[in-house]
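Novice: Have a look at the structure that comes next, please.
Bear in mind these aren't lab numbers, they're just calculated from the coordinates by the rules spelled out. Keep in mind it's a predicted model, so treat the numbers as computed, not measured. Glycine also receives a Cβ, built like all others from the backbone with ideal geometry; neighbour counts cover every protein chain displayed.
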Amino acid sequence: MNEKIVYVVDDDDAVRDSARRLLKIVGYEVETFDSANAFMDGVDSLKPGCVIFDINMPGISGLEAQKQLKERGAAFPVIILTGQGDIGKAVQAMKNGAVEFIEKPYQNEALLNAVEAGFAQLGVRLSEDAANEKAAGVVGRLSPRERQVLQGMLTGLPNKLIGHQLGLSTRTVEVYRSKVMDKLEVRSLSSAVKLALAAGLPELEAG
């Protein structure tokens, strides 16, 4: 991701302007919002980036916006800006997955370090998403029966029990299992299980 975008969400004009100038100087793209409501209204059309939320704003608070992003599974690492009386809330934000909380008035270096950490987290997230998407595509090549056999492998069942669950002979399961390994282009059970997990494949339900 070459273009790194930071979204500054704060109802204080001075805070938004100073943060925008600082971040632009070091090379980030910056978009600002004067409320969390405005940010959340348009978030579906925004590119993944790092978000700086003021913890207390009219309308949706920074904490509530963070919660909504997490519920959506959105790829936006969150940094929380706090006032002196907000430490308890800020700690809660960290427990909910915030990258960092920074007390106002903040040091420029502290903000930049937090943003850098946010993009490191985002890079990992996007890489994992890409890997999961690729895994889902590979698993999607399997026939319905091959998929069931893979689910049995994911459940940790031996071939005999997979066959019992699916009404197949052990030998037939072995044939399907070989086909699964070929289509997934893997040689070990652990590699097949990793792909199944990345693709979000459920375990085989008991028959």
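Novice: Add +1 for every Lys or Arg and -1 for every Asp or Glu among the other residues with Cβ under 14 Å from the Cβ of residue 180, and state the total.
Specialist: Residues near residue 180 contribute +4 overall.
Novice: Can you grab the distance from the C-alpha centre of the range 121-200 to the C-alpha centre of the range 10-60, Å, no decimals?
Specialist: 42
Novice: Can you find, among 37, 154, 94, the residue sitting farthest towards the positive end of the charge dipole of the chain, where Lys and Arg contribute +1 and Asp and Glu -1 at Cβ?
Specialist: After comparing all options, I get 154.
Novice: Positive end of the charge dipole of the chain (Lys, Arg +1 and Asp, Glu -1 on Cβ, about the Cα centre): tell me which of 186, 173, 124 has its Cα farthest that way.
Specialist: Among 186, 173, 124, the one farthest towards the positive end of the dipole of the chain is 173.
Novice: Follow-up. With semi-axes √(5λ) of the Cα gyration tensor in Å defined as stated, name the option among (1) 26, 20, 14; (2) 34, 18, 12; (3) 48, 17, 13 computed from the structure displayed.
Specialist: (3)
Novice: For the chain, what is the mean residue ellipticity at 222 nm derived from helices alone (per DSSP H run of n ≥ 4: -39500 (n - 2.57); sum divided by total residues; nearest 500 deg cm²/dmol)?
Specialist: -18000 deg cm²/dmol
Novice: Which of rounded, prolate or oblate describes the range 1-74 when judged by the alpha-carbon gyration tensor and an a/c cut-off of 1.5?
Specialist: oblate
Novice: In addition: Of 201, 80, 6, which is farthest towards the positive pole of the chain's charge dipole, taken about the Cα centre with +1 and -1 on the beta-carbons of Lys, Arg and Asp, Glu respectively?
Specialist: Highest projection toward the positive end goes to 201.
Novice: Just tell me the longest site-free run in the chain, where the sites are GluC sites (Glu not before Pro) in a DSSP loop having at most 11 other beta-carbon atoms within 10 Å.
Specialist: Longest site-free region, per DSSP loop and neighbour criteria: 4-184.
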